Amino acid sequence: MTEKRAEEIEGLSKFRQSYRKSEVIFKEGSTGSEMYLISSGRVLLSVRQNETQEVPLIVLNPGDFFGEMALVDDSPRSATASAVENNTELIIMDRARFLFMVRQQPEFALSLMHTLCRRLREMDKRLPAEGTST
């Protein structure tokens, strides 16, 4: 690892937060002003089906990120995020840092777009084809 990269990672340590198993990171419908990168542990994204039932969407692993949609379109959170295991450690990126990264690091923006496209394609596969009968 280069010295510059090590300094960048060290600088992110002040943006780290740890969560316990089942602890909610954010709730569907809430206002979002940051995104998260999973440093360790796993995170479940789920949506409400009704007043009492949550439907799991995906479990994310170290290296994955989430919460970026609220920074891109300034809309409420589309899902609830919660820690799957104890000591789930996240790196938190606020809107100012996110915009800086998008403007200054084209690779970051392209990686973000790639992940968003992959997730959209995966969700498309889960939806029934229009016009099919059940």
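When we screen F26, F66 for residues that are out of contact with any Gly (no Cβ under 8 Å at 6 or more places or on another chain), of a type in the set (F, W, Y) and touching a residue at least 24 places away in the same chain (Cβ under 8 Å), the only hit is F66. Against the condition loosely packed, with under 14 Cβ neighbours inside 10 Å and of a type in the set (D, E), how does E51 come out, does it pass? Judged against the criteria, E51 is a match.
For the stretch 98-108, residues that are farther than 23 Å from R42 by Cβ and either loosely packed, with under 14 Cβ neighbours inside 10 Å or in contact (Cβ under 8 Å) with a residue 24 or more places away in the chain (or both) total 7. Does at least one position in the stretch 94-113 carry a residue that is within 15 Å of the chain's Cα centre (by Cα) and assigned to a strand (DSSP E or B)? Yes, that holds for at least one residue.
Values in this text are rule-based calculations from the coordinates and carry no lab data. All values derive from a computational prediction rather than experimental measurement. Quick reminder, even Gly has a Cβ in these numbers, built from the backbone with ideal geometry, and neighbours come from all protein chains shown.
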